1. Looking at the range 24-33, is at least one residue loosely packed, with under 15 Cβ neighbours inside 10 Å and either touching a residue at least 12 places away in the same chain (Cβ under 8 Å) or of a type outside the set (A, V, I, L, M) (or both)?
2. Please go through the range 94-113 and pick out each residue that is modelled with pLDDT under 95 and of a type in the set (Val, Ile, Thr).
3. Only one residue in ALA25, ALA52 is touching a Ser or Thr at 6+ places or on another chain (Cβ under 6 Å) and either among the small types (Gly, Ala, Ser) or under 27 Å from HIS239 (Cβ atoms) (or both), so which one is that?
4. Return the pairs, sorted by first residue and then second, in which the second residue is exposed (fewer than 12 other Cβ atoms within 10 Å of the Cβ) and among the hydrophobic types (A, V, I, L, M, F, W, C), the first residue lies in the range 80-103 and is within 24 Å of HIS26 (Cα to Cα), the beta carbons are less than 9 Å apart, and the residues are 6+ apart or on different chains.
5. So ILE49 fits all but one of (1) under 15 Å from LEU226 (Cβ atoms); (2) surrounded by fewer than 18 Cβ atoms within 10 Å (Cβ to Cβ); (3) in contact with a helix residue (DSSP H, G or I) (Cβ under 6 Å, 6 or more places away or on another chain); what number is the exception?
Amino acid sequence: MTLLQTILLAIIEGLTEFLPVSSTAHMRFANPLIGVHPDEFIDMFQVVIQLAAMMSVVTIYWRKFFAIKRVTFYGKLIVAVVPALIGGYFLKTYIGLALNNLMFIACVMIGGGVALLFVDRFFSESTIHEEKDITYTRAFIIGCFQVLSIVFPGLSRSAATIIGGMSQRLSRSVAAEFSFFLAVPTMFAASAKSFLDVYNEHPNVLVRENYITLGIGAVVSYLVALLAIELFIGYLKKHGFKVFGWYRIALGSVVLILLLTGHMQ
């Protein structure tokens, strides 16, 4: 992978990871357009830069992540991440096939976009405005929503968990923040597993040049994500999800047309 391809994918990841538009879909759509051909290393690279983007959450919300006395905060994250760990383990083969099916991802993008057009109307009454008021049961249910993003690549992990949070009466901003928190252990586990899989099955991939590529991608993704989080939270508080819904429908439709006409493979 060239330096330009590395930077472009990292920017795409950093910009889209925390938006309800699916960073995975954007990177998968971008691959053929910028000449990247997925293989074992590319798959690992895209998971690792997702983790790097998640580290921006730790930076921005470091007081919450390192508040050792707040045991319940960590407990909620553990409870919420369990469904994704179980789902990822049992659906590994299916996930690999789905991630390589751009037609399927484009359709999920459109379907998810339609859902976002109505989510503000469906979940307009919130009663939870602080993270401390989220119960373990609600945290687990939000974690179950996260599994949907595993089953349907292109749905968006953040979209699934934010909608899950709003279904549990969390305000938009609290649902978004909890989604960010939950992403850290989820992507840490996914990155660790991806790295170990490559290390055990394709050790020849882990050469010096690829480590440099991982490092550059991680730094760029992290820096871009720092900006994206702040902008997203500010926008979400004022405007809601509708614009993201229309964007998803438009992008998914364009990709679908390109695939059906043979201009994208």
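1. Within the range 24-33, one or more residues are loosely packed, with under 15 Cβ neighbours inside 10 Å and either touching a residue at least 12 places away in the same chain (Cβ under 8 Å) or of a type outside the set (A, V, I, L, M) (or both).
2. The answer is ILE95, and nothing else.
3. ALA52
4. Hits for this filter: MET103/LEU260.
5. If we test ILE49 against (1) under 15 Å from LEU226 (Cβ atoms); (2) surrounded by fewer than 18 Cβ atoms within 10 Å (Cβ to Cβ); (3) in contact with a helix residue (DSSP H, G or I) (Cβ under 6 Å, 6 or more places away or on another chain), just (2) comes out false.
The values are calculated or read from the model by the stated rules, or taken from the named source; none is laboratory data. The model shown is predicted, which means the values in this text are computed figures rather than measured ones. Reconstructed Cβ throughout: ideal geometry from the backbone, glycine too, with neighbour counts over all protein chains shown.
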